[in-house]
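Enquirer: Here you go, one structure.
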Amino acid sequence: PARYFDTKTTEPISFFLSGLEELLAWQPNSDGDFNISAVPLAKRQPLLHSSRPRTLVCHDMRGGYLEDRFIQGSATRNPYVFYHWRYIDIFVYFSHHNVTIPPVVWTNAAHRNGVPVLGTFITEWTDGEKLCEAFLAGGEEAYGAVAEQLARIAQHYRFDGWLVNIENTLSAAAVGNLAPFLRDLTARVHSAVPGGLVIWYDSVLPDGTLRWQNELNEHNRVYFDACDGLFTNYNWKEEQLQNTRRLAGPRHADVYVGVDVFGRGDVIGGGFDTNKSLRLIRQQNLSAAIFAPGWVYEHLGEENFLQNENRFWGLLAEYLPTHSICTLPLATSFSLGMGTSRFLDGKDEESGPWYDLSVQEIQPLYPEHQGRLSTSCCLQDAWCGGSSLRLQGTIPPGEERVAVRLFSLQMPAPPKLFLTLLYKLEGPQPDDFTVALEVTTWDSGTCFEGNPTSLPEPNGRHHPRFLPAPPPGLAKLLAACHRGSHGWTSRCYELELQDCSLRDLSVIVSRQQPSPQETSFTCLLGEVRVLDTASVAASPPQVHSVTASQLWWQ
């Protein structure tokens, strides 16, 4: 069927639903099974429901369902990718189709990085009026059926809820049922999807007129109270942020103030000035909804996309609270889910462009310190996948080393950790530098490294012990300890800890010799792993009753 398979290639594709009939007729079937997310939502800290202001990204690009619709990837050159997951809380896939089911590649990439994904339920123009009249004016049974289908779809395809956007006028009969519909949908999504969310877009009002308020106020509060959050329109002024903060009270983090990166209409900021909007939003302790950050790709072009993308998010970083990883193992090769080649064990196995967000790996923080350090993606060389992480910076005169924070962590430290690192130093004199991992911990007053008689430094910095060879029993898993090749160096470490919590994982680049001069370095990171020894030693669960279906040999 053309909905589920590309008519030219027969490959499975992601899809949307149009109109009430298609929504009400939807049933799970095996053709659509490719669209079920295979990656559970990773745990992270702080939890979504903490009172800290959040960041929502609403992805709207050229109508949606572009190359990202190909569930098993495509040979796309210079595709759009998103990878600043540590800085955001919620990802919404937006299009103008009535029922926008997020392409599963986005759900997989977001979930691997701990970010929930919402689809969009939208009605607009005269067709939207008719659709709303059919299900809202029809009463509880009619709108309950729509709410039930939306909750079932999210549950079946394993994404996390809906943005609801009613952008058309409503009759008195229809608008009277709008708040009850939102309450019903929210309850059903909460019951069907663990941690599920329903967010309302600031649009139609209780009198049925379509008037964007650009704030939370007495007109639209009824819809805010009926669901998990409000996404405001973009044409707000500072005074409206203050009103919103007052009215939201303890739910201030549930108001997502809209910021259109394209800067359409009478808005503050946009483009590389988006930080101006965010500064004002955060002053009121409100959440932000960044709409169409694909501006970087669409407006500035594909050529220098990765460079421009890092610049865009780097300018926002001070207003984007980051998230910590809170489970082990942590293992990543930093691959973006795209590339100009595919690498395996440092070797270029297959040249040619590819794009598959489902195989994007866990993404790190991307720290930038003006003139001192930049972190970026390198497509020209990688250990595994399509890219490595490039660290470029300088060690100032008189200083020995630079620390680059890759991940913040928040979990009790197991008694013993194994860590592996694969790296490659570039530049004229790579032998001038050493590269190592550093783990920092909380509670350093009660936190001992190795045996309890040796107290650590007061701030709990630990330099794991280098292992020349992996311990017996782990040789297969930690083969990385010997297998540097194609210019990559591999390192294997162990670290014993007691009574403390993990805080940060950093890479330390040090000079071999002290120097009065500033020294520049470029280091590629190919893979990092942090493993709890106890769980590594345990034998993995056996897999039973595997079936294969829908095979297509070429």
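The values are calculated or read from the model by the stated rules, or taken from the named source; none is laboratory data. This structure is a prediction, so every number in the text was calculated from the model and none was measured. Neighbour counts are summed over all protein chains in view; Cβ atoms, including those assigned to glycine, are modelled from backbone coordinates with ideal geometry. These area figures cover heavy atoms from the full protein model, side chains too; ligands, DNA and RNA do not enter into them. Shrake-Rupley method; radii C 1.70, N 1.55, O 1.52, S 1.80 Å.
Enquirer: With a cut-off of at least 1 residues that are hydroxyl-bearing (Ser, Thr, Tyr) and touching a Ser or Thr at 6+ places or on another chain (Cβ under 8 Å), name the helices (runs of 4 or more DSSP H) lying wholly within the range 178-271.
Expert: Filter on the range 178-271 gives 238-248.
Enquirer: Considering the range 213-235 alone, what residues qualify as being free of Cβ contacts under 8 Å to residues at least 60 places away in the same chain, aromatic (Phe, Trp, Tyr) and either out of contact with any Asp or Glu (no Cβ under 6 Å at 6 or more places or on another chain) or not assigned by the TED database to the domain that holds residue 160 (or both)?
Expert: 223, 224
Enquirer: What number of residues in the range 359-368 are of a type outside the set (A, V, I, L, M, F, W, C) and open to solvent by less than 20 Å² (accessible area, probe 1.4 Å)?
Expert: Going through the range 359-368 one residue at a time, the tally reaches 4.
Enquirer: Same structure again: Please go through the range 187-203 and give me each residue that is polar (S, T, N, Q) and open to solvent by 10 Å² or more (accessible area, probe 1.4 Å), ordered by number.
Expert: 191
Enquirer: Can you go through 371, 385, 393, 352 and tell me which one is of a type outside the set (D, E, K, R), in contact (Cβ under 8 Å) with a residue 24 or more places away in the chain and surrounded by fewer than 14 Cβ atoms within 10 Å (Cβ to Cβ)?
Expert: When all the criteria are applied, what remains is 352.
Enquirer: Out of all the residues in the range 107-118, which are surrounded by 24 or more Cβ atoms within 10 Å (Cβ to Cβ), assigned to a helix (DSSP H, G or I) and in contact with a strand residue (DSSP E or B) (Cβ under 8 Å, 6 or more places away or on another chain)?
Expert: 107, 110
Enquirer: Against the conditions (1) open to solvent by 50 Å² or more (accessible area, probe 1.4 Å); (2) within 30 Å of residue 327 (Cα to Cα); (3) assigned to a loop (DSSP other than H, G, I, E, B), where does residue 50 fall short? Just the number, please.
Expert: (1)
Enquirer: Is there a residue being open to solvent by less than 20 Å² (accessible area, probe 1.4 Å), aromatic (Phe, Trp, Tyr) and assigned to a helix (DSSP H, G or I) anywhere in the range 283-298?
Expert: Yes, there is a match, as at least one residue in the range 283-298 is open to solvent by less than 20 Å² (accessible area, probe 1.4 Å), aromatic (Phe, Trp, Tyr) and assigned to a helix (DSSP H, G or I).
Enquirer: Sort through 144, 139 and tell me the only one that's farther than 30 Å from residue 550 by Cα, surrounded by fewer than 21 Cβ atoms within 10 Å (Cβ to Cβ) and at pLDDT below 95.
Expert: Exactly one residue qualifies, and that residue is 139.
Enquirer: Another one. Within the range 541-550, identify whether any single residue is surrounded by 10 or more Cβ atoms within 10 Å (Cβ to Cβ) and not hydrophobic (A, V, I, L, M, F, W, C), and answer yes or no.
Expert: Yes, some residue in the range 541-550 is surrounded by 10 or more Cβ atoms within 10 Å (Cβ to Cβ) and not hydrophobic (A, V, I, L, M, F, W, C).
Enquirer: In addition: Can you name every residue in the range 495-534 that is surrounded by 17 or more Cβ atoms within 10 Å (Cβ to Cβ), under 20 Å from residue 410 (Cα atoms) and touching a helix residue (DSSP H, G or I) at 6+ places or on another chain (Cβ under 8 Å)?
Expert: Residues satisfying the conditions are 500, 529.
Enquirer: Can you tell me which of 354, 313 is modelled with pLDDT of 95 or more, of a type outside the set (A, V, I, L, M) and over 24 Å from residue 408 (Cβ atoms)?
Expert: 354
Let's see how each residue does on (1) part of a loop (DSSP other than H, G, I, E, B); (2) under 23 Å from residue 364 (Cβ atoms):
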| residue | (1), (2) |
| --- | --- |
| 3 | yes, no |
| 21 | no, no |
| 33 | no, no |
| 58 | no, no |
| 80 | yes, yes |
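Enquirer: Another one. Taking residue 157 as the residue in question, decide whether it is open to solvent by less than 10 Å² (accessible area, probe 1.4 Å), over 23 Å from residue 178 (Cβ atoms) and hydroxyl-bearing (Ser, Thr, Tyr).
Expert: Taking the combined requirement at face value, the residue satisfies it.
Enquirer: Still on this structure, please answer the following. Scan the range 115-130 and report the pairs whose first residue is among the polar types (S, T, N, Q) and whose second residue is part of a strand (DSSP E or B) and open to solvent by 10 Å² or more (accessible area, probe 1.4 Å), with Cβ atoms within less than 9 Å and a gap of 6+ or a chain change.
Expert: Close Cβ pairs satisfying both conditions: 120/201; 123/167.
Enquirer: Name the pairs whose Cβ atoms lie under 7 Å apart, with the first residue in the range 285-310 and in the same structural domain as residue 271 (by the TED database) and among the charged types (D, E, K, R), the second in a helix (DSSP H, G or I) and open to solvent by less than 10 Å² (accessible area, probe 1.4 Å), and 6 or more positions between them or separate chains?
Expert: Note: pairs meeting the criteria are 309/296.
Enquirer: Would you point out which residue out of 81, 92 is among the hydrophobic types (A, V, I, L, M, F, W, C), surrounded by 15 or more Cβ atoms within 10 Å (Cβ to Cβ), under 28 Å from residue 342 (Cα atoms) and assigned by the TED database to the domain that holds residue 284?
Expert: Answer to the selection: 81.
Enquirer: Separate question: Going by the structure shown, is residue 314 farther than 26 Å from residue 94 by Cα and of a type in the set (Gly, Ala, Ser)?
Expert: Considered against the rule, which asks whether it is farther than 26 Å from residue 94 by Cα and of a type in the set (Gly, Ala, Ser), residue 314 comes out as no.
Enquirer: Restricting to the range 400-421, and then to whatever is closer than 22 Å to residue 524 by Cα and in contact with a helix residue (DSSP H, G or I) (Cβ under 6 Å, 6 or more places away or on another chain), can you tell me which residue is surrounded by the fewest Cβ atoms within 10 Å (Cβ to Cβ)?
Expert: Per the criteria, the residue is 420.
Enquirer: Continuing with this model, one more query. Taking the range 386-423 as the region of interest, how many residues are touching a Pro at 6+ places or on another chain (Cβ under 8 Å), more than 20 Å from residue 329 (Cα to Cα) and of a type in the set (D, E, K, R)?
Expert: 1
Enquirer: Only one of 180, 206 is open to solvent by 30 Å² or more (accessible area, probe 1.4 Å), at pLDDT 95 or above and within 20 Å of residue 151 (Cα to Cα). Can you tell me which?
Expert: None of the other options fit; the residue is 180.
Enquirer: Does the range 14-30 include one or more residues that are at pLDDT 95 or above, under 24 Å from residue 353 (Cβ atoms) and touching a helix residue (DSSP H, G or I) at 6+ places or on another chain (Cβ under 7 Å)?
Expert: Checked against the condition, which is being at pLDDT 95 or above, under 24 Å from residue 353 (Cβ atoms) and touching a helix residue (DSSP H, G or I) at 6+ places or on another chain (Cβ under 7 Å), the range 14-30 yields at least one hit.
Enquirer: Which pairs do you get when a residue that is in the same structural domain as residue 491 (by the TED database), found in the range 509-520, comes within reach of a residue that is assigned to a strand (DSSP E or B) and of a type in the set (Phe, Trp, Tyr), reach meaning Cβ atoms under 6 angstrom, with the pair 6+ apart or on two chains?
Expert: Short answer, once both residue conditions are applied: 509/433; 509/521.
Enquirer: With the structure loaded, tell me whether residue 260 is open to solvent by 20 Å² or more (accessible area, probe 1.4 Å), out of contact with any Cys (no Cβ under 6 Å at 6 or more places or on another chain) and free of Cβ contacts under 8 Å to residues at least 60 places away in the same chain or whether it fails that test.
Expert: In short, no.
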